[in-house]
1. Read through the labelled values (1) 29, 27, 27; (2) 36, 28, 20; (3) 46, 23, 20 and report the label of the one computed as Cα extents along the principal axes in Å from the structure.
2. So who's got an amide H within less than 5 Å of the one on residue 19, skipping anything under 5 residues away but keeping other chains? H placed 1.01 Å off N, in plane.
3. Which order do the peptides 33-41, 16-24 take when ranked by the mean count of other beta-carbon atoms within 10 Å per residue, highest first?
4. For helix 75-86, report the angle its Cα long axis makes with the longest principal axis of the Cα atoms of the chain; keep it between 0 and 90° and round to the nearest 10°.
5. Can you tell me, using C-alpha contacts under 8 Å and at least 6 residues apart, the relative contact order of the range 5-86 as a whole percent?
6. For the chain, find the longest principal axis of its Cα atoms and tell me its angle to the long axis of helix 60-72, 0 to 90°, nearest 10.
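Bear in mind these aren't lab numbers, they're just calculated from the coordinates by the rules spelled out. These figures come from a predicted structure and were not determined experimentally. Cβ: placed from backbone, ideal geometry, glycine included. Neighbour counts: every protein chain shown.
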Amino acid sequence: MCLGIPGEVVELLTDQPDLAQVEVSGVRRAINIALLEEEGVAPGDWILIHVGFALSKIDEAEARAAMEFLEQMGAAYDDEIDALKESGDG
């Protein structure tokens, strides 16, 4: 099952302008934000992530509601977080 996961932008990586450090449930990863170039992404923004790419900006309320829903899904959510952890260093 593939899920879009909400994450909060923590830092823009100045040496790699298409990447941002994003936190998802305590896990930090570099996420590609190139698809949101026209919208502009800044620390504190919430984004919807799928397979390492930011798909859209969302507001904090929408992010929290999505996280609650995902947490209720149990194993599918845990599998997606495990895949995020295994995807690279953070």
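1. (2)
2. When sequence neighbours closer than 5 places are left aside, the close amide H contacts are 13, 33.
3. On the way: 33-41: 13.9, 16-24: 17.9.
The packing order, highest mean first, is 16-24, 33-41.
4. Here the helix axis deviates by roughly 40 degrees.
5. Details: 131 pairs, mean separation 21.2, N = 82.
The normalised contact order for the range 5-86 reaches 26 percent.
6. On a 0 to 90 degree scale, this one is about 30.
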